[in-house]
Amino acid sequence: MPDRSAPPAGAAGQYKPVSVLAGAPPWLEMRGITKVYPNGTRALENVDLRVAKGEIHGLLGENGAGKSTLMKILSGILPFTSGRILLGGREVSLRSTHDALAHGIGMVHQHFSLVPTFNALDNIILGRGASLASPDRAAARKRIQRLMEETGLHAPLDIPIEQLPVGTQQRIEILKTLDRNVDLLILDEPTAVLTPQETDQLFEVLNGLAARGTTIILITHKLREVLALTNAVTVLRSGRVVGSRLTEGATAQDLARMMVGTERLPEVKERRQHEKTEPVLRVAGLTVKGDGGQDAVKNVSFEINAGEIFAIAGVTGNGQSELIEALSGLRPIANGRAYLLGHSINGKGPRELYRMGLAHVPEDRHRLGMVAQFSVLENSILGVHHEPRFRRGLPGTLHWGKVRRYARDLVHRFQVVTPSLATPMRSLSGGNQQKLVVGRELAKSPSLIIAGQPTRGLDVGATAAIRDLLVDIRNEGKAVLLVSADLDEVLALADRVAVMYEGEILAILERHEFDRERIGLLMGGVHDGSAAG
Amino acid sequence: MLVQSLILAAIHAMVPLTVTATGEILSERAGVVNIGLEGILLISAFTAVIGAEAGGPLAGLMVGLLTGALLGLIHGIIAVYFRGDQTVSGVGLNILALGVVAIGIVDRWGAAGFHRVDRAFRVQPLSTPLGAMSPMVIVTILLAALTWYLLQHTNLGLKIQACGENPAAADAAGVRVERVRMFGAIYAGALTGLAGAYLSVDWLATITENLPAGRGFIALATVVFSRLNPWLAVVGGLIFGFFDALGLIASTSQELTRIIPYQFIQMMPYVVTLLVVAGVIGRFRSPSASGQAYRRE
């Protein structure tokens, strides 16, 4: 491995990185990479990627486009089904992260891979050195301190990771990978948890590394970052390469169009016209903290009317989850107010909110929507099990006969395919699980239903069934708050769309204003075509 | 005189608990939990007798150790590569042992349920100021020291802890999680096997259908008590060993059994284990990913 101490920043500053598209010889080549998961999901289809030495290459795409999958293959974490990977013209076998690191390929993951109980120093030296030797912490500390000076990325080395804020963890993650002397540095959405200042600083560091010959692949959905940092960009959509192009001369619009495509809106059930009525949900200046204590939702305001599907579009992780958790009583509201039918919901728990007319189809179906080990019967009364209608006399008792009648009716009405009511929920297909969850929530006859990613991971038939149900209840005059990362779904179902980006609502569009390209730009953080920075 | 012999007995009772617990500590740190230690103790105790009768006490200890390592390997393969339920696999070992050894004793020695190990095939004690002491006591301390050093002062130790806390992070850092966890499983098996051999060809000098009599489970309690620190496993082994020894000595004392029925005295080690573990548990945080299979996709 080369010694990092040799060339300080600037010594090789004259080196001008160029892209393969500009005529540079390819150094990394991924040819015809196809990835099929054991369950049959085709995550990547014949993907080609060519990157020159010292290039900064952007990998752009929506959620589920396959960006992370492709890079996990390159960093040895995932096996691929077919295709070849060449490094410097020679085919390489990357069967583990160990192999990848041996070839100088390191990845900074989106979900940090740090051991929470270790401090930064131990995390950085983990996996290195002879097994039976003592870790040379003194030498490592010196080396890392020099690396911190060189890169401007500073982090405390002796505090357990779990006690550090996420921004600091991110810096440690990058330091850890840089300390491996990698030739190819892959970063998966590295700026997701960084402040704008930290982002600028990181970009400077990356430019410096590229100038010294490190090749960088940046996974992102932020158009601004692609334009600001990269030499060339490859756009993925649904596991296929849409195209590669030089960043020079590209506009945010070009990239957004490549990212979201230009298909026509899919057909859905007819939507009935309504008179405008008073708002069912009114959200005013809502701020919600994320798990790391940062502001995940920042001063958000909107109203949802009866007979309307109000959708929140955006790339996952921009505050949508925290927003619906706050509105459904699962996460405290840090600031601002929200009113359901005129009554404040601040500080109310899920059961009170249900009594006030709220139903919730959770985003994380398996964790929050059902108890997988419980039967269909038991799952069909989750959340309403305490009600007198299921009692046998005293409170706290259950009349299983009544429950069975109720569950049978639910299964029938929502066409849940299950061998029996006693079947454990986990044995059902995802689509049937979701139909039961949605049915259970709709049976609460709510005024507002919050649906988080209601069709994620479902097959075509189940997806259509769930979407029809949502339109049905809209037509019945109920309010629907739909959060979906699937732009097609949002465009097909919504009466209005709010686009969330980094915790803020950038714009709320009426149905006649729906425009893929514009929404794509907003999802990438670009306001009305003016690519900032 | 009684105090001295009680201390000596406690030290000897400490050996199987501490050696077993020490191995399991390393394994749990790496993320593999083996509740089949009782079964491994029993099977290794049995094979150790066969080994000792064929090649002397040292061969007996080695055969016990290798038997344990093999059983640890099997548990490891189920837990690590087949991602099986570690509890089920461990329980399986315990049940397997009961059957194998019961039949094995009859098959080998023609006697049902019991075989005495002749003095010639036993580990010879050292004479010390306290009295005759098994050299395995020293081995126990050395193993605790070795394990502690391995965990706290080597690169391998870091890898082991990372695999137990966050295998995905270890994987990303280039650690071969499966190999590290297999090492843990085999290490625990080997040490438990050695402890099993100590039971039969050294301390108790016999093999029966249920020789460990719950010591594998008390070793698990010792693991909890130790908070995965091998030195505390020595302390825990001494505490539990003391009551084990007290039970053994008191139940043969005529004066005492006249006042307290011997069944109550024999209950002591188990009751004490329960109380101590109930006191320690809850204040102890085990590695986050311990007992869980690691899956990349």
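Quick test for you: out of A:LEU101, A:LEU94, A:LEU126, pick the one residue that is more than 10 Å from chain B (Cβ to nearest Cβ), surrounded by 20 or more Cβ atoms within 10 Å (Cβ to Cβ) and out of contact with any Asp or Glu (no Cβ under 7 Å at 6 or more places or on another chain).
Working: A:LEU101 fails: more than 10 Å from chain B (Cβ to nearest Cβ); A:LEU126 fails: more than 10 Å from chain B (Cβ to nearest Cβ).
Of A:LEU101, A:LEU94, A:LEU126, the one residue that is more than 10 Å from chain B (Cβ to nearest Cβ), surrounded by 20 or more Cβ atoms within 10 Å (Cβ to Cβ) and out of contact with any Asp or Glu (no Cβ under 7 Å at 6 or more places or on another chain) is A:LEU94.
Just for helices (runs of 4 or more DSSP H) wholly inside segment B:1-115: which have at least 1 residues that are at pLDDT 95 or above and closer than 28 Å to B:GLY131 by Cα?
Qualifying helices (runs of 4 or more DSSP H): B:2-30, B:37-55, B:57-76.
Could you figure out which of (1) surrounded by fewer than 24 Cβ atoms within 10 Å (Cβ to Cβ); (2) more than 8 Å from chain A (Cβ to nearest Cβ) isn't true of B:ALA168?
Here B:ALA168 meets the rest and fails (2).
Looking at A:GLU510, A:GLU502 in this structure, which one is free of Cβ contacts under 8 Å to residues at least 60 places away in the same chain, surrounded by fewer than 24 Cβ atoms within 10 Å (Cβ to Cβ), among the charged types (D, E, K, R) and touching a strand residue (DSSP E or B) at 6+ places or on another chain (Cβ under 9 Å)?
On the way: A:GLU502 fails: free of Cβ contacts under 8 Å to residues at least 60 places away in the same chain.
Residue meeting the stated conditions: A:GLU510.
Within segment A:352-373, which residues are closer than 24 Å to A:LEU469 by Cβ, surrounded by fewer than 21 Cβ atoms within 10 Å (Cβ to Cβ) and out of contact with any Asp or Glu (no Cβ under 8 Å at 6 or more places or on another chain)?
Taking segment A:352-373 first, the residues closer than 24 Å to A:LEU469 by Cβ are A:353-372.
Adding the requirement that they be surrounded by fewer than 21 Cβ atoms within 10 Å (Cβ to Cβ) leaves A:354-357, A:364, A:366-368, A:371-372.
The answer is A:TYR354, A:ARG355, A:MET356, A:GLY357, A:ASP364, A:HIS366, A:ARG367, A:LEU368, A:ALA372.
Specify the residue that is surrounded by the fewest Cβ atoms within 10 Å (Cβ to Cβ); the eligible residues are those in segment A:323-340 that are in contact with a Lys or Arg (Cβ under 6 Å, 6 or more places away or on another chain) and either free of Cβ contacts under 8 Å to residues at least 12 places away in the same chain or not in a strand (DSSP E or B) (or both). Outline the logic, then answer.
Going residue by residue through segment A:323-340, those that are in contact with a Lys or Arg (Cβ under 6 Å, 6 or more places away or on another chain) are A:325, A:329, A:334, A:339.
With either free of Cβ contacts under 8 Å to residues at least 12 places away in the same chain or not in a strand (DSSP E or B) (or both) added as a condition, the list becomes A:325, A:329, A:334.
On the way: A:GLU325: 23, A:GLY329: 21, A:ALA334: 16.
Within segment A:323-340, the match that is surrounded by the fewest Cβ atoms within 10 Å (Cβ to Cβ) is A:ALA334.
Can you tell me how many residues within segment B:258-274 are part of a loop (DSSP other than H, G, I, E, B) and at pLDDT 85 or above? Spell out the reasoning first.
Step one: filter segment B:258-274 for residues part of a loop (DSSP other than H, G, I, E, B), giving B:260-261.
Then keep just the ones that are at pLDDT 85 or above; that gives none.
Adding up the residues that qualify gives 0.
Suppose we filter segment A:114-123 for residues that are crowded, with 24+ Cβ neighbours inside 10 Å and within 8 Å of another protein chain (Cβ to nearest Cβ); how many remain? I'd like the intermediate steps shown before the answer.
Our first condition is that a residue be crowded, with 24+ Cβ neighbours inside 10 Å; within segment A:114-123, this holds for A:114-115, A:120, A:123.
From the residues that got through so far, the ones that are within 8 Å of another protein chain (Cβ to nearest Cβ) too are A:114-115, A:123.
Matching residues across segment A:114-123 total 3.
Assuming B:ARG83 fulfils every condition listed in (1) out of contact with any helix residue (DSSP H, G or I) (no Cβ under 9 Å at 6 or more places or on another chain); (2) away from chain A (no Cβ under 14 Å); (3) over 20 Å from B:GLY60 (Cβ atoms) apart from one, which condition is it?
Every listed condition holds for B:ARG83 apart from (2).
Go through the residues of segment A:303-322 one by one and say whether even a single one is more than 24 Å from A:VAL471 (Cβ to Cβ), surrounded by fewer than 18 Cβ atoms within 10 Å (Cβ to Cβ) and hydroxyl-bearing (Ser, Thr, Tyr).
Within segment A:303-322, not a single residue is more than 24 Å from A:VAL471 (Cβ to Cβ), surrounded by fewer than 18 Cβ atoms within 10 Å (Cβ to Cβ) and hydroxyl-bearing (Ser, Thr, Tyr).
Select from segment A:172-225 the residues that are surrounded by 22 or more Cβ atoms within 10 Å (Cβ to Cβ), within 14 Å of chain B (Cβ to nearest Cβ) and assigned to a strand (DSSP E or B) and list them in ascending order.
Passing the criteria: A:LEU185, A:ILE186, A:LEU187.
The rows are residues; the columns are (1) away from chain A (no Cβ under 14 Å); (2) of a type in the set (Gly, Ala, Ser); (3) touching a Pro at 6+ places or on another chain (Cβ under 6 Å); (4) not in a helix (DSSP H, G or I).
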| site | (1), (2), (3), (4) |
| --- | --- |
| B:SER127 | yes, yes, no, yes |
| B:ILE141 | yes, no, no, no |
| B:TRP148 | no, no, yes, no |
| B:GLY157 | no, yes, no, no |
| B:ILE160 | no, no, no, no |
| B:GLY174 | no, yes, no, yes |
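Tell me which residues, restricted to segment A:471-516, are of a type in the set (D, E, K, R) and more than 27 Å from A:GLN273 (Cβ to Cβ).
Pass one, segment A:471-516, residues of a type in the set (D, E, K, R): A:472, A:474, A:476, A:478, A:486, A:488-489, A:495-496, A:502, A:504, A:510-511, A:513, A:515-516.
Matches in segment A:471-516: A:GLU502, A:GLU504.
Each row is one residue, and each column tells you yes or no for (1) out of contact with any helix residue (DSSP H, G or I) (no Cβ under 8 Å at 6 or more places or on another chain); (2) over 15 Å from B:ALA197 (Cβ atoms).
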residue: B:VAL3; (1), (2): yes, yes
residue: B:LEU6; (1), (2): no, yes
residue: B:ILE11; (1), (2): no, yes
residue: B:VAL32; (1), (2): no, yes
residue: B:GLY36; (1), (2): no, yes
residue: B:LEU42; (1), (2): no, no
residue: B:ALA48; (1), (2): no, no
residue: B:GLU53; (1), (2): no, no
residue: B:PRO57; (1), (2): no, no
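When you check A:ARG426 against the structure, is it buried (at least 16 other Cβ atoms within 10 Å of the Cβ) and either touching a strand residue (DSSP E or B) at 6+ places or on another chain (Cβ under 9 Å) or more than 15 Å from A:VAL411 (Cα to Cα) (or both), yes or no?
Working: buried (at least 16 other Cβ atoms within 10 Å of the Cβ): no; either touching a strand residue (DSSP E or B) at 6+ places or on another chain (Cβ under 9 Å) or more than 15 Å from A:VAL411 (Cα to Cα) (or both): yes.
Taking the combined requirement at face value, the residue does not satisfy it.
Residues of segment B:30-50 being crowded, with 24+ Cβ neighbours inside 10 Å and out of contact with any Phe, Trp or Tyr (no Cβ under 9 Å at 6 or more places or on another chain), which ones? Outline the logic, then answer.
Of segment B:30-50, the ones crowded, with 24+ Cβ neighbours inside 10 Å are B:30-34, B:36-49.
Matches in segment B:30-50: B:VAL32, B:VAL33, B:ASN34, B:GLY36, B:GLY39, B:ILE40, B:LEU41, B:LEU42, B:ILE43, B:SER44, B:PHE46, B:THR47.
Could you say which residue among A:GLY89, A:GLY54, A:GLY76, A:GLY66 is on the phi > 0 side of the Ramachandran plot and surrounded by fewer than 23 Cβ atoms within 10 Å (Cβ to Cβ)?
On the way: A:GLY54 fails: surrounded by fewer than 23 Cβ atoms within 10 Å (Cβ to Cβ); A:GLY76 fails: surrounded by fewer than 23 Cβ atoms within 10 Å (Cβ to Cβ); A:GLY66 fails: surrounded by fewer than 23 Cβ atoms within 10 Å (Cβ to Cβ).
The unique qualifying residue is A:GLY89.
Inspect all residues belonging to segment A:153-166 and state whether any of them is of a type in the set (Gly, Ala, Ser), farther than 18 Å from A:ASP291 by Cβ, in contact with a helix residue (DSSP H, G or I) (Cβ under 9 Å, 6 or more places away or on another chain) and in a helix (DSSP H, G or I). Outline the logic, then answer.
Going residue by residue through segment A:153-166, those that are of a type in the set (Gly, Ala, Ser) are A:155.
The next check asks that each one be farther than 18 Å from A:ASP291 by Cβ; those that pass are A:155.
The next check asks that each one be in contact with a helix residue (DSSP H, G or I) (Cβ under 9 Å, 6 or more places away or on another chain); those that pass are A:155.
Keeping just the survivors that are in a helix (DSSP H, G or I) gives none.
No; the residues of segment A:153-166 include none that is of a type in the set (Gly, Ala, Ser), farther than 18 Å from A:ASP291 by Cβ, in contact with a helix residue (DSSP H, G or I) (Cβ under 9 Å, 6 or more places away or on another chain) and in a helix (DSSP H, G or I).
Is it the case, given these coordinates, that B:ALA120 is away from chain A (no Cβ under 11 Å), in a helix (DSSP H, G or I) and at pLDDT 95 or above? Full working, then the answer.
On the way: away from chain A (no Cβ under 11 Å): yes; in a helix (DSSP H, G or I): yes; at pLDDT 95 or above: no.
No.
Could you run through segment A:226-260 and say how many residues are charged (D, E, K, R) and either in contact (Cβ under 8 Å) with a residue 40 or more places away in the chain or buried (at least 24 other Cβ atoms within 10 Å of the Cβ) (or both)?
Here is the first cut: in segment A:226-260, the ones charged (D, E, K, R) are A:237, A:240, A:245, A:248, A:254, A:257.
Then keep just the ones that are either in contact (Cβ under 8 Å) with a residue 40 or more places away in the chain or buried (at least 24 other Cβ atoms within 10 Å of the Cβ) (or both); that gives A:237, A:240, A:245, A:257.
Looking only at that region, the number is 4.
Working carefully through the options B:PHE225, B:PHE183, B:PHE217, B:PHE242, find the one that is assigned to a helix (DSSP H, G or I), of a type in the set (Phe, Trp, Tyr) and within 14 Å of another protein chain (Cβ to nearest Cβ).
Numbers: B:PHE225 fails: within 14 Å of another protein chain (Cβ to nearest Cβ); B:PHE217 fails: within 14 Å of another protein chain (Cβ to nearest Cβ); B:PHE242 fails: within 14 Å of another protein chain (Cβ to nearest Cβ).
Result: B:PHE183 is the single residue among B:PHE225, B:PHE183, B:PHE217, B:PHE242 that is assigned to a helix (DSSP H, G or I), of a type in the set (Phe, Trp, Tyr) and within 14 Å of another protein chain (Cβ to nearest Cβ).
Tell me the residue from A:ALA372, A:ALA407 that is closer than 17 Å to A:ARG426 by Cα and touching a strand residue (DSSP E or B) at 6+ places or on another chain (Cβ under 8 Å), please. Reasoning before the result, please.
Numbers: A:ALA407 fails: touching a strand residue (DSSP E or B) at 6+ places or on another chain (Cβ under 8 Å).
Only one candidate passes the filter, namely A:ALA372.
Applying the selection to segment A:129-142, what residues are farther than 20 Å from B:GLU178 by Cα and surrounded by fewer than 17 Cβ atoms within 10 Å (Cβ to Cβ)? Give the derivation first.
To start, the set of residues in segment A:129-142 that are farther than 20 Å from B:GLU178 by Cα comprises A:133-142.
Once the filter is applied, which keeps residues that are farther than 20 Å from B:GLU178 by Cα and surrounded by fewer than 17 Cβ atoms within 10 Å (Cβ to Cβ), segment A:129-142 yields A:ALA133, A:SER134, A:ASP136, A:ARG137, A:ALA138, A:ALA139, A:ARG141, A:LYS142.
The values are calculated or read from the model by the stated rules, or taken from the named source; none is laboratory data. Remember, predicted model here, so these are calculated numbers, not experimental data. Here the Cβ is made from the backbone with ideal geometry for all residues, glycine too, and neighbour counts use every protein chain on show.
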